[in-house]
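The values are calculated or read from the model by the stated rules, or taken from the named source; none is laboratory data. In this text the structure is predicted, and so the values were computed from the model without any measurement. No Cβ is skipped: glycine too gets one built from the backbone with ideal geometry, and neighbour counts run over all protein chains shown.
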Amino acid sequence: MINLKNKSEIEKLYSAGQIVKDTLFLVEEHIKPGISTLELDKIAEDYIRSKNAIPGFKGLYGFPATLCISIDNEVVHGIPSERILKKGQIVSVDVGSIYQEFYGDHAKTFIVHDTSDENKKLIDVTRECLMLGIEQMKVGNRIGDIGYTVQKYAESKGYGVVRDLVGHGIGRKLHEDPQVPNYGEKGTGPIIENGLCLAIEPMINLGTEQVYTKDDNWTMCTVDGKPSAHFEHSVAVIDNKIRILTA
């Protein structure tokens, strides 16, 4: 069941979204060779709590941390640890917050100091996929239009689109209906209406779309070992206009 939001609820989602936006700007300042992913996690948790918010991921479904930090061939859900970042890596950071009972959800992929042109292009295309998907979130369009647009663009560049994971509705719960695949057919799925709030999150692989879960039961990786990138915004439709809540 899709739970459309009123303007007051969307304002609360915006407040939660701004906290995660600012969290990722802060984390970005510290992404450099020699820092551990656990240190980044502490920086993020301290900041979120300083804003009278709660880390949205910590404890959810048993996840042990504030951030999901996924490196190189890890797609999503990497667990922060004593692992040290190295020059040339690409690092996806996904963060959630709860503020006044509503969730913010936001992700970016960063470069550790410098990386290959191949990795830079993957990151750029994944970011472009996100923005193209958001453009489809118009009243009267359908959810399938988002996935169709993301898939068409990513595959035109020769990349694999992850199918095992999808975007989602967002509100008082992190994951609400509808699911938002990054692939699909135009003109299919639920109709987009005013009050719809989604977390749109392309996960794009340099190689095959196939992924597997590591032994930690969380971290998802590419089967072929090639890098993956991930970007996510929480987005609302209000008064027939698209509003990016994490921008």
Tally the residues that are in a helix (DSSP H, G or I) and under 15 Å from the mean Cα position of the chain (by Cα), restricting the search to segment 147-173.
2
Which of the residues belonging to segment 181-229 are closer than 23 Å to Thr149 by Cβ and either among the aromatic types (Phe, Trp, Tyr) or at pLDDT below 95 (or both)?
Tyr183
In segment 150-185, anything among the hydroxyl-bearing types (Ser, Thr, Tyr) and surrounded by fewer than 21 Cβ atoms within 10 Å (Cβ to Cβ) is listed as Tyr153, Ser156, Tyr183
Scan segment 214-247 for residues that are among the polar types (S, T, N, Q), buried (at least 19 other Cβ atoms within 10 Å of the Cβ) and within 14 Å of Cys68 (Cβ to Cβ) and jot them down.
Thr219, Ser228
Exactly one of Tyr183, Tyr212 is without any contact (Cβ under 8 Å) to a residue 40 or more places away in the chain and part of a strand (DSSP E or B), and that one is Tyr212
